[in-house]
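A.B. asks: If you scroll down you'll find the structure; I have some questions about it.
The values are calculated or read from the model by the stated rules, or taken from the named source; none is laboratory data. All values reported here derive from a predicted model rather than from experimental measurement. Here the Cβ positions follow ideal geometry from the backbone for every residue, glycine too, while neighbour counts run over all protein chains shown.
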Amino acid sequence: MPVKDVGLVDQGVVNPVEPFLRSDRMPHIWCPGCGIGTTVNCFARALIESKIDLQSLALVSGIGCTGRVAGYVKLDSFHTTHGRAIPFATGLKLANPKLNVVVYSGDGDLSAIGGNHLIHAARRNIDLKVICVNNLIYAMTGGQTAPTTPGHATTSTNPYGTFEPAFNLPHLVEAAGAVYVARWTTFHVRQLARSIGEAFQKKGFSFIEVISPCPTLYQRRNKMGDGLDTMKYYKEQSKTRHGAPTSEVGLTLKGEIIVGKFVDRDRPDYQTMMRAQYVEALGERFVEAPEMVCS
Amino acid sequence: MKADPRGVLTGVHFIDGDHACCEGALAAGARFAAGYPITPSTEVVERFAARVPTVGGTFIQMEDELAASITLQGAVWGGAKAFTVTSGPGFSLMMEHIGYAAMTETPCVFVDVQRGGPSTGLPTLPAQADMMQARWGSHGDYEIIALCPNSPQECFDLTIKAFNLAEEFRVPVMFMMDEVVGHMTEKVVIPPADEIEVTPRRHTHKAVEDYLPYQTNGDMVPEMAHAGEGYRFHVTGLTHDERGYPNMTPQTQDKLVRRLQNKVRAATDRIAMFEEEQLEGADVVVVSYGITSRVAQRAIDVARERGMRVGKLRLITAWPFPENKIRELAAEVKAFVVPELNLGQMVREVERAADGRAKTYPVSHAGGGVHNPEEILRVIVEASRCR
């Protein structure tokens with residue numbers, strides 16, 4: 001059936017996620033079939049559904065394809081250095097605890113060059129929401145092996161196939177102390193949006209991994225088809241197992257993808273612990289950090 | 001504006017340079033520090049960690065210097081005045097974020113208590129061998145400001161100045177101490193808060209719809225907003241336009257990077273602080289900074305007793321280098337003598353500014369101690385005989 005022009009533009013109807021985006025920066029840099037835009041859409045829908053106050057929301061990215069998210073969202077947004085989104089976000093959150101701080105970055109940025117910050121932020125239980133778009137490769141630089149690249153995958157720096165064991169990120173961050181850990185693929189748009197919304201309800205270090213295609217580099221080089229083929233793969237090979245032991249959710253080249261909410265637990269976040277310790281040790285000498293904002 | 005009295009420990013103290021630096025930061029309004037332990041600088045943040053919860057603020061010990069040097073910048077964009085403290089090996093790790101602060105125009109202070117290098121070098125012993133690294137250590141073209149205290153009192157006074165300059169120019173300011181100044185205990189007078197001038201943040205007064213994060217007027221320094229205020233601005237380390245948006249063209253690069261340089265360069269003479277003594281009629285001028293200036297004083301005094309006309313120029317501002325001052329002196333004097341705890345760093349700047357009009361004599365020292373005044377005196381004598 002031909003699409004009928006119902007005059008939505010004339011009637012001033014806009015895409016519901018439009019207020020979250022810097023439309024003046026479109027078109028974006030992401031390739032056809034890339035999953036990052038899908039995750040941003042889910043993020044925006046989660047914000048709408050959670051009724052998060054956009055003024056109190058800041059987004060921090062590192063470097064890479066996903067690192068560019070910061071530049072496309074109409075929020076206080078910071079495109080930092082490679083691997084350092086989490087420590088930047090830590091400073092932002094500690095200086096202004098009223099902010100909701102989201103870290104939005106890629107697997108290489110967060111788990112390789114930024115891996116140390118990832119585990120320590122989880123250990124401290126800093127109140128950050130981390131969205132890790134995992135395309136299993138370094139995409140911005142042309143398809144090199146990442147710590148997340150599954151064994152036997154071909155990359156530009158492992159042209160004969162990778163042989164390093166890969167990181168299982170949910171297992172890593174659970175072990176380090178995250179209070180909320182979930183994984184979805186870019187096929188699971190509703191589940192992903194719901195998980196992002198849930199993470200906003202948690203106080204502490206939350207981590208959502210989104211398995212996302214890179215048709216230009218990862219899928220093509222590994223003969224896994226285009227973006228649509230990858231959606232079919234995600235649909236057929238994903239198994240939802242809420243509460244699955246994270247030790248069992250490692251990824252393989254063409255095998256099953258275990259998705260779901262793996263961890264949802266509570267423990268005091270960094271600022272709560274800090275304040276409690278100061279109150280106990282200093283009593284009346286403790287001075288609550290006022291608004292640090294220096295006029 | 002005047003200092004917030006909560007951070008000012010008014011009185012007469014007997015403390016070392018590291019502790020004085022911490023008190024200077026608190027007096028300047030710093031309420032956030034991120035650090036990583038490293039000798040001989042750790043005492044600064046140890047004191048801050050003890051003091052700041054009684055003043056209202058935060059200290060966090062990060063997992064490394066890469067983290068510390070960017071955590072503080074997150075805090076700045078959250079509204080705090082913030083700093084970090086380190087020494088050589090940690091300073092090397094911080095270089096990337098000095099570049100980020102320069103590019104994003106994040107006002108902040110990096111304290112480097114210099115020790116002997118390269119690499120792990122001499123953890124507990126002094127050097128002044130990070131002076132060029134402070135200026136050039138991160139990649140690309142940029143300008144920073146660097147100050148060199150030579151006493152615990154100056155560690156207090158100039159730390160306040162460092163924060164004020166950071167806010168005025170929106171640059172990272174390098175506070176270049178050395179192990180001796182950091183660990184030397186002397187009298188430090190902390191004045192009442194109402195006698196301490198503190199430069200406020202260049203916070204925008206514009207309405208949200210009128211605000212462009214990197215738009216500048218005459219003075220080349222843009223106005224800042226903080227996260228959470230409704231401006232919904234973007235900050236990036238990529239080459240960016242006035243909106244803060246990435247714009248990777250040679251034209252935008254040229255406009256941005258030249259402004260980042262020129263906002264500091266154009267103010268070089270205003271930023272320049274130095275202590276001068278008997279420059280009038282001098283044949284030889286000893287140019288020094290930090291702890292070496294105090295050792296050089298002995299050599300200068302002895303040379304004068306022997307009838308030599310020796311002037312003293314102590315650099316308090318190392319960067320931007322006060323080249324006009326050297327240029328003027330070069331037309332009047334025979335030679336400069338430049339002792340420093342390195343194998344020749346700031347002496348190159350003196351030589352460049354003198355441009356052949358006066359001779360330049362380095363007095364190098366690889367670090368691990370301070371000069372013997374005799375070594376400096378010997379070079380003063382040699383310089384005074386030059387033609």
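A.B. asks: So which of A:114, A:106, A:83 ends up being on the phi > 0 side of the Ramachandran plot, more than 7 Å from chain B (Cβ to nearest Cβ) and crowded, with 24+ Cβ neighbours inside 10 Å?
C.D. replies: A:83
A.B. asks: Also, I was wondering about something else. Is it the case that residue B:141 is assigned to a loop (DSSP other than H, G, I, E, B), at pLDDT below 95 and either surrounded by fewer than 20 Cβ atoms within 10 Å (Cβ to Cβ) or within 14 Å of chain A (Cβ to nearest Cβ) (or both)?
C.D. replies: No; evaluated as a whole, the condition is false for this residue.
Residue by residue, here is whether (1) more than 14 Å from chain B (Cβ to nearest Cβ); (2) in contact with a Cys (Cβ under 7 Å, 6 or more places away or on another chain) holds:
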{"site": "A:209", "(1), (2)": "yes, yes"}
{"site": "A:234", "(1), (2)": "yes, no"}
{"site": "A:263", "(1), (2)": "yes, no"}
{"site": "A:266", "(1), (2)": "yes, no"}
{"site": "A:288", "(1), (2)": "no, no"}
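A.B. asks: Return the residues of the stretch A:138-148 that are assigned to a loop (DSSP other than H, G, I, E, B), touching a residue at least 60 places away in the same chain (Cβ under 8 Å) and under 18 Å from residue A:168 (Cα atoms); say none if nothing qualifies.
C.D. replies: Selection gives A:148 alone.
A.B. asks: How about the stretch A:45-71: which of its residues are within 14 Å of another protein chain (Cβ to nearest Cβ) and either among the charged types (D, E, K, R) or surrounded by fewer than 24 Cβ atoms within 10 Å (Cβ to Cβ) (or both)?
C.D. replies: Scanning the stretch A:45-71 gives A:52, A:53, A:54, A:55, A:56, A:57, A:68, A:71.
A.B. asks: When the stretch B:322-366 is examined, which residues are found to be in a loop (DSSP other than H, G, I, E, B) and under 19 Å from residue B:275 (Cβ atoms)?
C.D. replies: B:322, B:332, B:333, B:341
A.B. asks: Report those strands (runs of 3 or more DSSP E) wholly inside the stretch B:1-114 carrying at least 1 residues which are in contact (Cβ under 8 Å) with a residue 60 or more places away in the chain, more than 10 Å from chain A (Cβ to nearest Cβ) and over 18 Å from residue B:176 (Cα atoms).
C.D. replies: Per the criteria, B:11-16.
A.B. asks: In the stretch B:209-241, which residue that is surrounded by 17 or more Cβ atoms within 10 Å (Cβ to Cβ) and of a type in the set (Gly, Ala, Ser) is farthest from the other protein chains (Cβ to nearest Cβ)?
C.D. replies: It comes out as B:225.
A.B. asks: OK, next. Residues being basic (Lys, Arg) and over 19 Å from residue B:98 (Cβ atoms): count how many of those fall in the stretch A:61-90.
C.D. replies: Of the residues in the stretch A:61-90, 2 are basic (Lys, Arg) and over 19 Å from residue B:98 (Cβ atoms).
A.B. asks: Limited to the stretch B:263-276, what total is found for residues that are outside any loop (DSSP other than H, G, I, E, B) and touching a Leu at 6+ places or on another chain (Cβ under 8 Å)?
C.D. replies: Qualifying residue count, the stretch B:263-276: 4.
A.B. asks: Now, a different point. Evaluate the following for residue B:244: is it of a type in the set (Gly, Ala, Ser), within 14 Å of chain A (Cβ to nearest Cβ) and either surrounded by fewer than 20 Cβ atoms within 10 Å (Cβ to Cβ) or in a loop (DSSP other than H, G, I, E, B) (or both)?
C.D. replies: The answer is yes for residue B:244.
A.B. asks: Going by what's in this entry, would residue A:8 be described as modelled with pLDDT of 95 or more and of a type in the set (A, V, I, L, M, F, W, C)?
C.D. replies: Criteria not met by residue A:8.
A.B. asks: Test residue B:206 against the criterion of being surrounded by fewer than 24 Cβ atoms within 10 Å (Cβ to Cβ), at negative phi, assigned by TED's automatic domain parsing to the domain that holds residue B:157 and of a type in the set (Lys, Arg), and give yes or no.
C.D. replies: Considered against the rule, which asks whether it is surrounded by fewer than 24 Cβ atoms within 10 Å (Cβ to Cβ), at negative phi, assigned by TED's automatic domain parsing to the domain that holds residue B:157 and of a type in the set (Lys, Arg), residue B:206 comes out as no.
A.B. asks: Still on this structure, I have one more. Could you tell me how many of the residues in the stretch A:255-295 are surrounded by 13 or more Cβ atoms within 10 Å (Cβ to Cβ) and under 30 Å from residue A:154 (Cβ atoms)?
C.D. replies: Summing the residues that are surrounded by 13 or more Cβ atoms within 10 Å (Cβ to Cβ) and under 30 Å from residue A:154 (Cβ atoms) in the stretch A:255-295 gives 6.
A.B. asks: Taking the options B:181, B:198, B:189, name whichever one is in contact (Cβ under 8 Å) with a residue 40 or more places away in the chain and touching a strand residue (DSSP E or B) at 6+ places or on another chain (Cβ under 6 Å).
C.D. replies: Answer to the selection: B:189.
A.B. asks: Same structure, new question: Does residue A:119 satisfy the condition of being outside any helix (DSSP H, G or I), touching a residue at least 12 places away in the same chain (Cβ under 8 Å) and within 17 Å of the chain's Cα centre (by Cα)?
C.D. replies: It is false that residue A:119 is outside any helix (DSSP H, G or I), touching a residue at least 12 places away in the same chain (Cβ under 8 Å) and within 17 Å of the chain's Cα centre (by Cα).
A.B. asks: Taking residue A:164 and the conditions (1) among the acidic types (Asp, Glu); (2) within 14 Å of another protein chain (Cβ to nearest Cβ); (3) surrounded by fewer than 24 Cβ atoms within 10 Å (Cβ to Cβ), which numbered condition does it fall short on, given that it satisfies the others?
C.D. replies: (2)
A.B. asks: Those residues that are β-branched (Val, Ile, Thr) and either closer than 30 Å to residue B:369 by Cβ or part of a loop (DSSP other than H, G, I, E, B) (or both), I need them from the stretch B:182-241; list them, please.
C.D. replies: Listed by number, the residues that qualify are B:185, B:188, B:189, B:196, B:198, B:199, B:204, B:216, B:221, B:239.
A.B. asks: Another question, if that's okay. Please go through the stretch A:86-100 and pick out each residue that is more than 7 Å from every other protein chain (Cβ to nearest Cβ) and basic (Lys, Arg).
C.D. replies: The answer is A:93, and nothing else.
A.B. asks: Quick check on residue A:134: is it more than 16 Å from the chain's Cα centre (by Cα) and either at pLDDT below 95 or under 17 Å from residue A:207 (Cβ atoms) (or both)?
C.D. replies: No, not satisfied.
A.B. asks: Going through B:84, B:42 one at a time, which residue ends up being farther than 18 Å from residue B:200 by Cα and surrounded by fewer than 24 Cβ atoms within 10 Å (Cβ to Cβ)?
C.D. replies: Exactly one residue qualifies, and that residue is B:42.
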